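Undergrad: Could you have a look at this structure, given as structure tokens, before my questions?
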Amino acid sequence: MHKLITSLFILCLLVNPAFAQGKITFNGGDTAFMLASTALVLMMTIPGLALFYSGMVRKKNILATMAQSLIATAIVSLLWIAAAYSLTFCGEGALIGDTSRLLLRDLQIDSVSPFAKTIPEILFMAYQMTFAVITCALVSGSVAERMKFSAFMLFCVFWLFIVYVPSAHWVWGGGFLQKLGLLDFAGGTVVHINAGVAGLVAALMLGNRVGFGRENLAPFDLSLAVIGTGLLWVGWFGFNGGSALGANSRAVFAIVATHLAACSGALIWSALEWIQRGKPSVLGVISGAVAGLGTITPASGYVLPWHGVVIGLIAGCVCYWFCTVAKHLYRYDDTLDVFGVHGVGGIMGTLLAGVFATRLVTASDSDPGATGLIDGNPHQLQVQAIGVAVTIAWCVFGTWLSLKIVSFFTSLRVNSDDEREGLDIALHGESLHQ
């Protein structure tokens, strides 16, 4: 893979005069690293999330669950190129970007984004596209086994522009939260809080599954979910490491902290299950790992490796409580615990970035670096809390609005007969072999 990328880069040097004349100053190492990171993040959705989610539903809904990840990838990718990228990362508006890159207008081979100056802008665009893809796909886990396929397709369209694009601009595209100083290295607010809160709102608006709390709704094939977890885990190195936007030491720090958080999250979740139920489940191991991964995401590029261990431990404990106690106490049917893992993890991780951020990782020759509470900067925690509150409030409203708009075109969920038959047959006319 490395040899292929190197050969392609040398070929560009030979056939493109702009390179030879020194007009394009992209860093080859950064470009190769971001190409790999883009592929890794896309892999997190297809096949990673598709397998992870489908392994935790009943057999009659496996294909329908996979289809949601696939269609989210197709819809969001096209809309990102058409308008979402421009509205997110172009212009200097406090609330939204501009239309200068609609349909990638005027994007040249030597175009550079001000947010990633050592790689081609089209690569930065593609990398950010994979983030939008997985965020929309994540929401499907909360409404799995009951949402209509057509409704989910429309939801992806409206939610992308109403919720994801504005919040991504606020945090990463030069908007007011970025100017306020919010620390969100790889998506605690933009990805995880948005996906988790949207999932909870959608689950409440659609209502519980038929038989929830009365019938056995156990997963059909956890082996698929384990494979999906592995793909997500490895893909997260591109998700968090790639958010350094270059092949540098900060990317390595982010990757190491990410891995350690996943490890400690998996261990503490298993330990809690062992204590409470007498046996550690496979579902618990993978849930704890994903909780650690989601929670470390906003802090990954600001903290030391041992901070990742602590954050993973906190994530495993708190997300475990939300998924096993709060969910049953309040009787909301978040099918695959998107809110309990991603939403809660994103909230905690964003706040913990304001606790553990340290100049030992963030400082450079040209930047004094961000600091958190343990480095003597309590103000940063206040900024993080504001970012969390704003993201939650906008996501609640935007998700409600998106679903209301969708409901004008089609009903949000299948009827009870189709739900009992299974969405594979009812929506797609297909099923797994008996």
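Undergrad: Pick from segment 415-426 the residues that are of a type in the set (A, V, I, L, M, F, W, C) and in contact with a helix residue (DSSP H, G or I) (Cβ under 6 Å, 6 or more places away or on another chain): which of them is farthest from Met205 (Cα to Cα)?
TA: Ala426
Undergrad: Restricting to segment 218-248, what's the tally of residues that are in a helix (DSSP H, G or I) and either among the aromatic types (Phe, Trp, Tyr) or over 21 Å from Thr65 (Cβ atoms) (or both)?
TA: Here the count works out to 11.
Undergrad: Here's a check for you: in segment 66-91, which residue that is in contact with a Gly (Cβ under 9 Å, 6 or more places away or on another chain) and assigned to a helix (DSSP H, G or I) is surrounded by the most Cβ atoms within 10 Å (Cβ to Cβ)?
TA: Thr88
Undergrad: Select from segment 220-237 the residues that are among the small types (Gly, Ala, Ser) and surrounded by fewer than 17 Cβ atoms within 10 Å (Cβ to Cβ) and list them in ascending order.
TA: Those that are among the small types (Gly, Ala, Ser) and surrounded by fewer than 17 Cβ atoms within 10 Å (Cβ to Cβ): Ser223, Gly230.
Undergrad: Can you tell me how many residues within segment 329-377 are part of a helix (DSSP H, G or I), among the hydroxyl-bearing types (Ser, Thr, Tyr) and surrounded by fewer than 16 Cβ atoms within 10 Å (Cβ to Cβ)?
TA: Looking only at that region, the number is 1.
Undergrad: Additional query: Hydrophobic (A, V, I, L, M, F, W, C) and either within 20 Å of the chain's Cα centre (by Cα) or crowded, with 23+ Cβ neighbours inside 10 Å (or both): is that true of Val252 in this structure?
TA: Criteria met by Val252.
Undergrad: Hey, among Ile96, Ile122, Ile134, which residue is β-branched (Val, Ile, Thr), in a helix (DSSP H, G or I) and touching a residue at least 60 places away in the same chain (Cβ under 8 Å)?
TA: Result: Ile134 is the single residue among Ile96, Ile122, Ile134 that is β-branched (Val, Ile, Thr), in a helix (DSSP H, G or I) and touching a residue at least 60 places away in the same chain (Cβ under 8 Å).
Undergrad: Still on this structure, please answer the following. Quickly run through segment 28-65 and pick out the residues that are more than 17 Å from the chain's Cα centre (by Cα), assigned to a helix (DSSP H, G or I), closer than 30 Å to Asp418 by Cα and not charged (D, E, K, R).
TA: Those that are more than 17 Å from the chain's Cα centre (by Cα), assigned to a helix (DSSP H, G or I), closer than 30 Å to Asp418 by Cα and not charged (D, E, K, R): Ser54, Asn61, Ile62, Leu63, Ala64, Thr65.
Undergrad: Right, next: Name the one entry in Leu217, Leu177 that is surrounded by 15 or more Cβ atoms within 10 Å (Cβ to Cβ), touching a Phe, Trp or Tyr at 6+ places or on another chain (Cβ under 7 Å) and touching a residue at least 60 places away in the same chain (Cβ under 8 Å).
TA: Within the list Leu217, Leu177, the selection yields Leu177.
Undergrad: Would you call Ala251 part of a helix (DSSP H, G or I) and at pLDDT 95 or above?
TA: Considered against the rule, which asks whether it is part of a helix (DSSP H, G or I) and at pLDDT 95 or above, Ala251 comes out as yes.
Undergrad: Also, I was wondering about something else. Any residue that is hydrophobic (A, V, I, L, M, F, W, C) and buried (at least 24 other Cβ atoms within 10 Å of the Cβ) - is there at least one of those in segment 92-111?
TA: no
Undergrad: Being basic (Lys, Arg) and in contact with a helix residue (DSSP H, G or I) (Cβ under 6 Å, 6 or more places away or on another chain) narrows it down to one of Arg250, Arg277, so name that one.
TA: Arg250
The values are calculated or read from the model by the stated rules, or taken from the named source; none is laboratory data. Just so you know, these numbers come straight off a predicted model, no measurement behind them. Every residue, glycine as well, gets a Cβ built from its backbone with ideal geometry; the counts of neighbours run over all protein chains shown.
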